[in-house]
């Protein structure tokens, strides 16, 4: 039964990827390059995995790991968005987000240790 | 030619991102998940940013991408190490089939 559920989940993920690659929504077809749009879909699939781990993490440490990786993925989003649009300020958002994500992760890890911030 | 090389870098980075997040879902333990998902940072997103740098060259966005690579490589191992230390101190159990736990041995030897 457990293997059956795994097979069904894998089939759904593969169908999602193939559907997004070969039959993209019409509103996104106005982008310059069709391959960059596929990159965008793959990154959104990764962030869906991270959201699953945030929702169902058994311990707080799992959720903190997933939040860290989600912040890194947003930097990747900004880099991928900066290529077809040609605007240089997207990568500025990426740098600021990476800095803020690092500080937030350090603060959450100190909270996880159970000590105060003044140490 | 440069565009093709930059596309190859971006595809490799996206594959590492995808496999890291798959490991974040699949693996059984906090430490295993941390070990899989830290590959997202240095090999995934830094490779995407390096592809952006190759695409743009030495313009404003390209140099900002290089700065972002340096910052990510400096900070990501620090945050991963802090998370692992905090999880171990707060008492998260290892997986059942884990082989050794050196940090616990060190703490017992100190006390």
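Observations, loosely collected:
- Over the stretch A:34-119, equivalent-ellipsoid semi-axes from the Cα gyration tensor in Å: 29, 18, 5
- Inter-label distance for residue B:74 and residue A:44, nm, one decimal - labels placed 7 Å from Cα along Cα-to-Cβ: 3.5 nm
- Between 0 and 90°, nearest 10: helix B:46-56 axis offset from chain B longest Cα axis: 10 degrees
- The stretch B:46-111 and the stretch A:53-119 have Cα centres lying 12 Å from one another.
- If a spin label sat at a point 7 angstrom from the Cα of residue A:13 along the line to its beta carbon, the backbone N atoms of the stretch B:22-62 nearer than 12 Å would be those of B:22-27.
- Helix-derived mean residue ellipticity, 222 nm - over chain B, DSSP H n ≥ 4, -39500 (n - 2.57), to 500: -25000 deg cm²/dmol
- Sorting A:102, B:58 from the fewest to the most surrounding beta carbons within 10 angstrom yields B:58, A:102.
- GNM top mover of B:65, B:82, B:36 - chain B, alpha-carbon springs below 10 Å: B:82
- The calculated FRET efficiency for residue A:5 paired with residue B:99, based on their beta-carbon distance and R0 = 22 Å, is about 0.15.
- Over the C-alpha atoms of the protein assembly as shown, the Rg to Rh ratio, Rh being the Kirkwood estimate, stands at 1.01.
- Kirkwood-type radius of chain B, with distances r between different C-alpha atoms, in Å: 15.9 Å
We did not get these values from a lab; they are worked out from the coordinates using the rules stated. Note that the coordinates shown come from a computational prediction; the quantities given were computed from them, not determined experimentally. As a convention, Cβ positions derive from the backbone with ideal geometry for all residues, glycine included, and neighbour counts pool all protein chains shown.
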